[in-house]
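Colleague: Next up is a structure, given as structure tokens.
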Amino acid sequence: MKVTIVGAGNVGATCADVISYRGIASEVVVLDIKEGFAEGKAMDISQCATNTGFNTKVVGVTNDYARTANSDVVVITSGIPRKPGMTREELIGINAGIVKSVVENVLKHSPNTIVVVVSNPMDTMTYLALKATGLPKHRIIGMGGALDSSRFRYYLSKALDVPSNDVSAMVIGGHGDTTMIPLTRLASYNGIPVSEFLSEEALAKVAADTMVGGATLTGLLGTSAWYAPGASVAYLVDSILNDQKKMIACSVFLEGEYGQSNICIGVPCIIGKNGLESIVDINLNDEEKALFAKSADAVRNMNADLKSILA
């Protein structure tokens, strides 16, 4: 099975690295517009093989989409981060142009591929990829909820002082500091509600820390995180390629689910060989429903800036 990763930056390269050493795909193609950059990253990853024992073929190419042909999954990480003085509209305009061009080019050579969108603003870029291509909704998936949920589980594990793999928890809603919704009510520690162990105040702090998890890392690192985002992409790709049918929070197109339509936003999804296999309808309480509606309004407002791109 073949995976293409467009964008050889920190997130894209980490994704390629994790997919390779876990043996998720037989071939990984990393593509970037910067001459020699993807080739260097692919060579560096490949030179780990003798020490880590993987057999995945990792190839780097500069802007040659023909080398991505027949990819089962294409991951789009390309785009630019917001710079000082740049408006949200400017960021959306630039990244929308990049994502639209990328998805059109990969589909020329891999018409049956499943597209995983990582580029920010992620929910809006997922919506753009869907609308610009006309692909069925099951083939366009935004990754953000998988990352947000992993951060939620991390903060819960810290508060509980237990291994994070013993914690089950999910974040839905938009992939943004003010739009994501950590579902503290449904979080559990080995099947027991975390509310049995943590106070309301402690849970509120966990939720707040989760919502600024990305910003916290940016403040510490001076740039966006890459290890957890790259691993989250690989986790999602693994569920697709190996038809694992894992339940993962992903940004997908809604057609009435959760009371929303014509929007891509994070909800619980079953992910398998067809991409989005189904959307899981969980019973939200009134407060959670109100938060989800508010999150959808914010995402929809951001999508309005795509009008000129999609015209």
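Colleague: Quick check for you: which residues of the range 163-181 have the amide N under 19 Å from the point 7 Å beyond the Cα of Phe197 toward its beta carbon?
Modeller: Inside the label zone: 163-171.
Colleague: Moving on. Holding the Cα-Cα limit at 28 Å, pick out from Lys108/Lys137; Lys57/Lys158; Lys205/Lys294; Lys41/Lys137; Lys41/Lys131 the pairs that are longer than that.
Modeller: Working: Lys108/Lys137 18 Å; Lys57/Lys158 37 Å; Lys205/Lys294 21 Å; Lys41/Lys137 32 Å; Lys41/Lys131 32 Å.
Exceeds cut-off: Lys57/Lys158; Lys41/Lys137; Lys41/Lys131.
Colleague: Extending each Cα 7 Å along its Cβ direction at Lys137 and Asn70, get the distance between those two points in nm, one decimal.
Modeller: About 3.3 nm separates the two model spin labels.
Colleague: May I ask you to compute the full-extension gain from Lys57 to Lys294, defined as 0.36 nm times their residue separation minus their alpha-carbon distance, rounded to one decimal in nm?
Modeller: Numbers: separation 237, 0.36 × 237 = 85.32 nm, distance 4.44 nm.
Length gained, Lys57 through Lys294: 80.9 nm.
Colleague: Quick one: length gained pulling Ile80 to Leu221 fully straight, 0.36 nm per residue minus the C-alpha distance? Provide the component values of the computation, followed by the final result.
Modeller: Values: separation 141, 0.36 × 141 = 50.76 nm, distance 1.70 nm.
Working it through step by step, the gained length comes to 49.1 nm.
Colleague: Contact order normalised by length for the chain, with contacts defined as Cα pairs under 8 Å and 6 or more residues apart; what percent is it?
Modeller: In percent, rounded to a whole number, it is 18.
Colleague: Give the Cα extents of the chain along the principal axes, in whole Å, largest first.
Modeller: If we take the Cα atoms of the chain, the spans are 53, 50, 39 Å.
Colleague: Averaging sequence separations of C-alpha pairs under 8 Å and six or more residues apart, then dividing by the length of the range 54-188, give the relative contact order as a whole percent.
Modeller: Reported relative contact order: 19 percent.
Colleague: How much mean residue ellipticity at 222 nm does the chain get from its helices, if each DSSP H run of length 4 or more adds -39500 (n - 2.57) and you divide by all residues, to the nearest 500 deg cm²/dmol?
Modeller: -13500 deg cm²/dmol
Colleague: Sorted by mean Cβ packing within 10 Å, highest first, what order do the peptides 160-169, 232-241 take?
Modeller: Values: 160-169: 15.1, 232-241: 24.5.
Ranked from most to least packed, the peptides come out as 232-241, 160-169.
Colleague: How high is the FRET efficiency between Ser168 and Cys48 when r is their beta carbon distance and R₀ equals 25 Å, given to the nearest 0.05?
Modeller: It comes out at approximately 0.20.
Colleague: Pick out, from Ser278, Ile141, Leu203, the residue whose Cα sits farthest towards the positive end of the charge dipole of the chain, with +1 on the Cβ of Lys and Arg and -1 on the Cβ of Asp and Glu.
Modeller: The one lying farthest along the dipole's positive direction is Ile141.
Colleague: Pop out the carbon and sulfur fraction of the accessible area of the chain as a percent, whole number, probe 1.4 Å.
Modeller: The nonpolar share, carbon plus sulfur, comes to 51 percent.
Colleague: Over the range 4-73, consider all pairs of different Cα atoms and compute the Kirkwood hydrodynamic radius from their mean reciprocal separation; express it in Å, one decimal.
Modeller: 11.6
Colleague: In Å, what Rg and Dmax follow from the Cα atoms of the range 145-286?
Modeller: Spelled out, the Cα radius of gyration and Dmax of the range 145-286 are 15.0, 41 Å.
The values are calculated or read from the model by the stated rules, or taken from the named source; none is laboratory data. Because the structure is predicted, anything quoted here is derived from the model rather than measured. All Cβ positions, glycine included, derive from the backbone under ideal geometry; neighbour counts span all protein chains shown. All accessible areas refer to the heavy atoms of the entire protein, side chains included, with ligands and DNA or RNA removed. Shrake-Rupley method; radii C 1.70, N 1.55, O 1.52, S 1.80 Å.
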